[in-house]
Amino acid sequence: MLVVKTIEELKDVVFRVKSNGKSVGLVPTMGALHDGHLSLMKRAKQENEVVVCSIFVNPVQFNNPEDLEKYPRDVEGDLKKIEPYVDVAFTPTAKEVFPEPPKEVYDFGQLDKVMEGAFRPGHFNGVGIIVKRLFDWTTPDKAYFGEKDFQQLAIIKRLVKDYGIKTQVVPCPIVREASGLAMSSRNQRLSVEDRMKAANIYRILTESLRLKDAPIQEIKDFVISEINKIDGFKLDYYEIVDDTTLQPVEFADLSTGIIGCIAVYVGEVRLIDNIRYK
Ligand code: PAF
C-alpha cells in the first residue's frame with residue numbers, strides 16, 4: 001500500500017493508474033476506522049482494480065468545535081487495518097487540503113434543510129466541499145458510502161448529478177455491532193455502560209417495524225416516547241421521510257420508499273441511525 005500525503009502525489013498516482021486503463025474505487029473516510037468502513041473497502045476491492053482510501057478529519061464539516069476536537073484519530077492504526085484492501089491511502093494535512101479557507105457554496109435544495117442539515121448548520125456544505133475535491137483529484141469510477149449517513153448519501157448523489165460527475169456512488173449497508181448498535185467512529189467515545197445503553201436505539205427502531213402499516217404519526221410517537229424513556233438519552237430528531245426527497249411524509253402511500261432517521265445523544269455522544277419501513 002502506497003501512502004501519499006500531497007494532492008500532487010495523489011493526482012500523479014491516479015493518472016498513472018488510469019493511463020494503464022485500470023479502474024479506481026474511492027472510499028472517503030475520516031479515520032478511526034471500524035468494520036463498517038472495512039466493509040466499504042472490501043466491496044471496493046472486489047469491484048475495482050485500484051482502491052484509494054482517504055483518511056482526513058474534515059474540519060469544515062464540523063459545526064461544533066468541541067466535536068471536531070474530540071473526534072477520534074488513529075492514523076497509524078487505520079493504515080494497518082486497511083492494508084489488505086487498499087492500494088493507495090491519502091492522508092493529507094488540513095493545510096494541504098485547505099491552504100486557503102474554502103469558499104465553495106453548494107445548493108442541495110431541500111435535501112439539507114431537514115434533519116442533520118437543520119441541526120448541524122453548514123455540515124453538508126462542508127461534506128460537499130471535501131467530497132467534490134476528492135472526486136476532482138481521484139476521478140474515481142466508483143465511490144463507496146455507508147447508509148448509516150443516509151442524508152449524506154442523498155447529498156452526494158445530488159452533488160454528482162448537479163456537476164455531471166462520472167463517478168458511480170455505491171451505497172453500502174449499515175454494519176452493526178453484536179448488540180445492534182450501528183458501527184460509528186463515535187462509538188469509541190461511549191463509556192462501556194453507554195455503549196450497552198446505545199443498543200436501545202436499534203432495538204426501538206426494530207420494534208417500530210411492527211407498526212409499519214400504522215399511520216406515520218403513530219410510528220413517530222412510539223419511537224419518540226420509547227427513546228425518551230431511556231435515562232441519559234436526549235433526542236435531536238426522529239423523522240420519517242421519503243427516501244429520495246428526504247422530506248417528512250404524512251401518509252405512507254404517498255412515497256415509494258420510506259425511511260425513519262434518528263439522531264440521539266447518548267451522554268455527550270451524538271449518534272445517528274435509520275430504519276427502512278418501505
Ligand atoms: O462519512 C464520512 O466519514 C465523512 O462525512 C466523509 C464522507 C468522509 C467526508 O468527510
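The values are calculated or read from the model by the stated rules, or taken from the named source; none is laboratory data. Treat the numbers as computed from the prediction; the structure is a model and nothing was measured. Every residue, glycine as well, gets a Cβ built from its backbone with ideal geometry; the counts of neighbours run over all protein chains shown. Keep in mind that these areas ignore ligands, DNA and RNA; they rest on the heavy atoms of the full protein, side chains included. Shrake-Rupley method; radii C 1.70, N 1.55, O 1.52, S 1.80 Å.
For region 23-134, the per residue solvent-accessible surface stands at 44 Å², with DNA, RNA and ligands left out and a 1.4 Å probe. Can you find, among I240, T93, N58, the residue farthest towards the positive end of the dipole of the chain? Put +1 on the C-beta of Lys and Arg, -1 on that of Asp and Glu. Highest projection toward the positive end goes to T93. Residues of the chain were split at every exposed loop site, defined as chymotrypsin sites (Phe, Trp or Tyr not before Pro) in a DSSP loop with at most 15 other C-beta atoms within 10 angstrom, and the longest piece left, sites excluded, is 1-162.
The trypsin sites (Lys or Arg not before Pro) found in region 1-83 that occupy coil by DSSP, while having at most 14 further C-beta atoms within 10 Å, are K5, K22, R73. Take the Cβ atoms of L209 and T256, set R0 to 25 Å, and the FRET efficiency comes out at 0.90. Sites count as exposed loop sites when they are GluC sites (Glu not before Pro), lie in a DSSP loop, and have at most 16 other Cβ atoms within 10 angstrom; the longest stretch of the chain without one is 105-249.
For the chain, a crude dipole built from +1 on the beta carbon of Lys and Arg and -1 on the beta carbon of Asp and Glu, taken about the Cα centre, is about 560 debye to the nearest 20.
Just the protein heavy atoms count here, and of the accessible area of the chain at 1.4 Å, carbon and sulfur take up 53 percent.
Annotation note: trypsin sites (Lys or Arg not before Pro) in region 143-201 located in DSSP loop regions with a Cβ neighbour count of at most 14 within 10 Å are K166. Taking Cα centre as origin and charging only the Cβ of basic (Lys, Arg, +1) and acidic (Asp, Glu, -1) residues, the dipole magnitude of region 1-129 rounds to 300 debye.
Beyond 29 Å in Cα-Cα separation lie the following of the pairs K70/K234; K81/K142; K18/K278: K18/K278.
What number, rounded to the nearest 500 deg cm²/dmol, is the helix-based mean residue ellipticity at 222 nm of the chain, given -39500 (n - 2.57) per DSSP H run of at least four residues and division by all its residues?
-11500 deg cm²/dmol
Rounded to the nearest 20, the Cβ-based charge dipole of region 36-99 about its Cα centre (Lys and Arg +1, Asp and Glu -1) stands at 140 debye. With unit charges on the beta carbon (Lys/Arg positive, Asp/Glu negative), name the residue among A199, G180, V170 whose Cα is farthest towards the positive pole of the charge dipole of region 104-237. So the residue we want is V170.
Over region 211-278, accessible surface divided per residue gives 48 Å², non-protein components excluded, 1.4 Å probe.
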